[in-house]
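Let me begin by presenting the structure, written as structure tokens, before commenting on it.
The values are calculated or read from the model by the stated rules, or taken from the named source; none is laboratory data. Quantities reported herein were computed from a predicted structural model and do not represent experimental measurements. Positions of Cβ are generated from backbone atoms using ideal geometry, with glycine treated the same way; all protein chains shown enter the neighbour counts.
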Amino acid sequence: MPRILLVEDNEMNRDMLSRRLEKRGYTLSIAVDGGVGVALARSEKPDLILMDMSLPVIDGWEATKQLKADPDTKQIPIIALTAHAMDSDRQKAIDAGCDDFDTKPVELTRLLGKIEELLKKFPPKA
Amino acid sequence: MKSLPFRWQLTLFIVLICGLTLALAFAGLYLYNVQQFNNEVQRRLDRTKTVLLDSLTQELAQNPNATDLPLKLLEADAQISAAAVYSAENQLLARYIRPGSNEVVPTVPSVSSRLLTNDRAVVWTQIRSPKGAFLGTLFLKAELSQADVEQFTDLLRGSAIVFLASSLLAFVAAYRLQRHITRPIIELAAVSASVQNSRDYGVRVSSSASGEIGVLIDSFNAMLDTIQTNTTALDLARIAAEDAKEKIHQANDQLEEANRTLEARVEERTRLLVKASRDAEEASKAKSSFLAKMSHELRTPLNAIIGYSEIMKEDAEDDGDARRAADLDKVLNAARHLLGLINDVLDISKIEAGKMELYLENFELPKILNDVVATASPLVAKRGNTLKIECPPDIGTMHADATKLRQMLLNLMSNASKFTENGTITLRATRRPAANTDMIEVAVIDTGIGMNEEQLGRLFKAFSQADASTASKYGGTGLGLAISKQFAQMMKGDITVASTPNVGSTFTIRLPADVEVKQPSVVGTSEQRLTKSPFPTEGSKPRVLIIDDDENVLTLLAKLLQKSGYLTTVAETGEKGLKCALEEKPDIVILDVMLPGIDGWTVLTKLQGHRETAEIPVIVLTAGHEVDMALSLGAGSVLRKPVDASRLTAEIAMQLNPTASGYVLIIEDDHDARDIVIRMLERENFKFRAATNGNAALRILKKSRPGIILLDLKMPGMNGFEFLEILGQHPEWGQIPIVVVSSMDITVEMRDYLKTRVVAILQKSKFTRDDLTTLIRPALQT
């Protein structure tokens, strides 16, 4: 089963999204800030990362940059989660190296579509 | 003589003449007396001779050589100084010498020499007998007696006394007489000198005189009268002039004071306006940031509501609890609707704050259409509508903001679904080739309830739906179309609508297939579209001063203007801009109004207020709507930000060389009315300049002559009629055709008056673009 790392500081968002993704069969790791997110990505090498952008410690853009700069983690697809219509955030996310983005509140069907698409493009090694 | 006073000259003159006359008279008298005296002496001599001859003749007749002749008798005659008698042989017979006299008796001279002698005091007489025989010769010599001499001296003395007395009398008389003649002349001279010295024209020559001097005095007095009158008049005039000067001075002072006050007021006003504009901007910023924050704050709990509702709904469905699932579905729909509202409000506030940005990307249009259809099809199906897609497979790629296009299409689809029941909704895409870039048209066509004219009118306005009751019946914020329209316009496109009540509506999105990569602040930079400088040769290149705090704008504009044939100076602050303007005297200034430190309005006011920079045309760049303010502060023209470089260069060229091509001068105080006309002119590519009243228009006229003037009649400051009056006083402006554009009720008198001065009268909002074009085009071509 694909392993997804969810980096999200908001507890409710984390709870909802993880429960709904787990229900659909994904294995989830949770990080509550950018620092933990980068560390977990390096240690666990998830198949995909869902990255909130406004995060404590280090923010989502910085975390993405670090992961994309690291040869060990750069192949892991990252979906940025940004607030609605914050176009600049979205553009910044793409610039930072995110492979796709989606807006919060998450529309699950659409997000699942994007996750599946990316997983097809970057198939899990295991 | 010349130094001698006139009266002495005159006196001397009279005395001289008198003296001369008397001397002549005296000489005449003297000669006469001498003559008389001589005659008397001669007579007496003759008498003595006659008496003596008688006795001598007797004596000699008896004895021709008698010597005892009675010459002694002559002693009785004091006059005879000597006597002698000579014989016929000229022998001296007798002689007499007066005692005491030293006379000598001469010999008898020859007859000829005797005749030649003209001595009256000497007598030579021949003594002859009564028979005529020559007996001898008598010599007598007379001399003046003492008495005679005394008498003569007396005569001389008397004459001298008379001469002197007469001379004295003449002098006295002359002295007195000359006063009569000279007094008026001397007074005349004195008065004349005094007039010359004292410039007192009040004095008069009081003496009177007859003849030419009288005439002279009268003339002189008359002249003084005239001079005095004139001087008085002159003095009065001078006093009046001084009064006037004083008044002018006072007026000037007042004017200066008024100017100062005015300046202070203008500055105060400007400050207030700027403050107001800043306040408004800050308020707007605050509003935007509040809305952004609020929507974020609202969305966070809404996220939870939507998310947990979805989880619960899924759980309920899994549990087979259909009722609970249906209820949760309602909660979800309501929450999603609320989210939609919040998102719309956020969009609108971002658009209003000018913060909405475009993210242009290449995409396949069919893919976007399919996405939209996929999302919208449940909505379309909800009211029994059929969905049709008409999209040619070769429509190709687009370069635009895909997210915004998707949002626009979803909005149109959602609207069409709401207002159509059991009908057809068609999504039709077309590519329309055009010169610069192809246009993509996506139409959403429904067969719904449609709209009437009035509803169409307020369709695209924020917070206004076609019908107030619509919201309750169909839902929606009424923001969707306004947002869509803004999105379309941001991408240099538009949304138009055509609708017939009860037949249906067609909304058409038109976008350039290749939306130009928008520079953040300067657009229209393609080199072919730049207007070249009218004076491009080296050495005559006009200098443009650009004042803008945005370094990108400065660099880009400077580069573009240099390419167009200008020299450029850039200033990042108002202070530096003012300094550059004074030092370099640029030919034109481009001024951004939003500046740190002293702002653009202050810079504009100072430029206009300074003698050395007042004539430099200023093109104002503004992101806001302060066109009126800029024009009223004296800006040559106003361009909206982002700066359209092609328009900017055209404007610069026109400001520098206004005669090169005609332009339309719009004089209109009402912003909306002006805007309507400007849009029409822009559509026709006419150059134009705008003024908010007659005064502002005159300022423009003085700098450049328009091809035609569009004139409103009712304006604050100088109204249209006053403007026409002033125009009439300048023959050089007399030939400019004028079109009156007014909402006034024009009376017959007004019409008659206007008929002589204007080429046409248009009633505001009752004329078409064609009407205007027909009037303008020939005026600009000639």
Original post:
Residue check: is B:SER349 outside the structural domain of B:ALA623 (by TED's automatic domain parsing) and either over 20 Å from B:GLN489 (Cβ atoms) or in a loop (DSSP other than H, G, I, E, B) (or both)?
Top reply: no
Subject >> Pairs with Cβ under 7 Å, 6+ apart, first in the stretch B:551-574 and closer than 15 Å to B:PRO596 by Cα, second polar (S, T, N, Q) and modelled with pLDDT of 85 or more >> reply: B:GLY574/B:THR602
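Can you find a residue in the stretch A:110-125 that is outside any helix (DSSP H, G or I), under 28 Å from B:SER309 (Cβ atoms), out of contact with any strand residue (DSSP E or B) (no Cβ under 6 Å at 6 or more places or on another chain) and charged (D, E, K, R)?
Start the filter on the stretch A:110-125 by keeping residues that are outside any helix (DSSP H, G or I), which leaves A:122-125.
So of that shortlist, the ones also under 28 Å from B:SER309 (Cβ atoms) come out as none.
Within the stretch A:110-125, none of the residues are outside any helix (DSSP H, G or I), under 28 Å from B:SER309 (Cβ atoms), out of contact with any strand residue (DSSP E or B) (no Cβ under 6 Å at 6 or more places or on another chain) and charged (D, E, K, R).
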**OP:** Output the qualifying pairs, or none if there are none: Cβ atoms under 9 angstrom, residues six or more apart or on different chains, first residue in the stretch B:639-652 and assigned by TED's automatic domain parsing to the domain that holds B:ASN685 and free of Cβ contacts under 8 Å to residues at least 12 places away in the same chain, second residue surrounded by fewer than 18 Cβ atoms within 10 Å (Cβ to Cβ) and in a helix (DSSP H, G or I).
**Re:** none
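State whether the residues of the stretch B:717-736 include one that is touching a Ser or Thr at 6+ places or on another chain (Cβ under 9 Å) and not hydroxyl-bearing (Ser, Thr, Tyr).
Of the residues in the stretch B:717-736, the ones touching a Ser or Thr at 6+ places or on another chain (Cβ under 9 Å) are B:717, B:720.
Still in the list and also not hydroxyl-bearing (Ser, Thr, Tyr): B:717, B:720.
The answer is yes; a qualifying residue exists.
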**OP:** Would you be able to tell me the number of residues in the stretch B:763-781 that are farther than 16 Å from B:ARG683 by Cα and in contact with a helix residue (DSSP H, G or I) (Cβ under 9 Å, 6 or more places away or on another chain)?
**Re:** 2
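Quick check on the stretch B:314-350: of everything there that is among the basic types (Lys, Arg) and within 11 Å of chain A (Cβ to nearest Cβ), which residue is surrounded by the most Cβ atoms within 10 Å (Cβ to Cβ)? Explain how you work it out, then say what you get.
So the first thing to find is which residues in the stretch B:314-350 are among the basic types (Lys, Arg), and the list is B:323-324, B:330, B:336, B:350.
If we keep only those that are within 11 Å of chain A (Cβ to nearest Cβ) too, we end up with B:336, B:350.
Working: B:ARG336: 16, B:LYS350: 20.
Top of the filtered list is B:LYS350.
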Subject >> Filter result for the condition that a residue is within 16 Å of B:VAL740 (Cβ to Cβ), touching a helix residue (DSSP H, G or I) at 6+ places or on another chain (Cβ under 6 Å) and not charged (D, E, K, R), over B:ALA691, B:ALA697, B:ALA673 >> reply: B:ALA691
Original post:
Could you say which residue among A:ILE78, A:ILE58, A:ILE115, A:ILE49 is touching a residue at least 60 places away in the same chain (Cβ under 8 Å) and either surrounded by 16 or more Cβ atoms within 10 Å (Cβ to Cβ) or among the hydrophobic types (A, V, I, L, M, F, W, C) (or both)?
Top reply: A:ILE115
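Among B:ILE667, B:ILE726, which is the only one that is more than 17 Å from B:ILE776 (Cα to Cα), in contact with a Gly (Cβ under 8 Å, 6 or more places away or on another chain) and of a type in the set (A, V, I, L, M)?
B:ILE726
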**OP:** Look through the stretch A:92-102, keep the residues that are over 12 Å from the mean Cα position of the chain (by Cα) and within 14 Å of chain B (Cβ to nearest Cβ), and return whichever of them is surrounded by the most Cβ atoms within 10 Å (Cβ to Cβ).
**Re:** A:LYS92
Original post:
Any residue at all in the stretch B:213-226 that is modelled with pLDDT under 80 and either over 30 Å from the mean Cα position of the chain (by Cα) or surrounded by 10 or more Cβ atoms within 10 Å (Cβ to Cβ) (or both)?
Top reply: yes
Subject >> Output for the stretch A:21-55, where each listed residue is within 14 Å of another protein chain (Cβ to nearest Cβ), more than 18 Å from B:THR300 (Cβ to Cβ) and of a type in the set (Gly, Ala, Ser) >> reply: A:GLY25
Subject >> Residues (more than 9 Å from chain A (Cβ to nearest Cβ) and either surrounded by 13 or more Cβ atoms within 10 Å (Cβ to Cβ) or touching a Phe, Trp or Tyr at 6+ places or on another chain (Cβ under 6 Å) (or both)) located in the stretch B:293-304 >> reply: B:MET294, B:LEU298
**OP:** Among the residues of the stretch B:141-186, count how many are free of Cβ contacts under 8 Å to residues at least 24 places away in the same chain and of a type in the set (D, E, K, R).
**Re:** 4
Original post:
If you take the residues in the stretch A:3-20 that are outside any strand (DSSP E or B) and buried (at least 21 other Cβ atoms within 10 Å of the Cβ), which one is farthest from the other protein chains (Cβ to nearest Cβ)?
Top reply: A:GLU8
Subject >> All positions within the stretch A:61-75 that are surrounded by fewer than 20 Cβ atoms within 10 Å (Cβ to Cβ) and either within 14 Å of chain B (Cβ to nearest Cβ) or closer than 21 Å to A:PRO123 by Cβ (or both) >> reply: A:LYS68, A:ASP70, A:PRO71, A:ASP72, A:THR73, A:LYS74, A:GLN75
Subject >> For B:PRO366: the one exception among (1) away from chain A (no Cβ under 11 Å); (2) out of contact with any Pro (no Cβ under 8 Å at 6 or more places or on another chain) >> reply: (2)
Original post:
Of all residues in the stretch B:580-626, how many are crowded, with 18+ Cβ neighbours inside 10 Å and outside any loop (DSSP other than H, G, I, E, B)?
Top reply: 20
Subject >> Answer residue from the stretch B:132-162, given it is modelled with pLDDT under 80 and of a type outside the set (A, V, I, L, M) and is nearest to the chain's Cα centre (by Cα) among those >> reply: B:SER159
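On the given criteria, is A:THR73 at pLDDT below 90, of a type in the set (S, T, N, Q) and either assigned to a loop (DSSP other than H, G, I, E, B) or within 13 Å of the chain's Cα centre (by Cα) (or both)? So that I can check it myself, show each step before the final result.
Numbers: at pLDDT below 90: no; of a type in the set (S, T, N, Q): yes; either assigned to a loop (DSSP other than H, G, I, E, B) or within 13 Å of the chain's Cα centre (by Cα) (or both): yes.
Answer is no for this residue.
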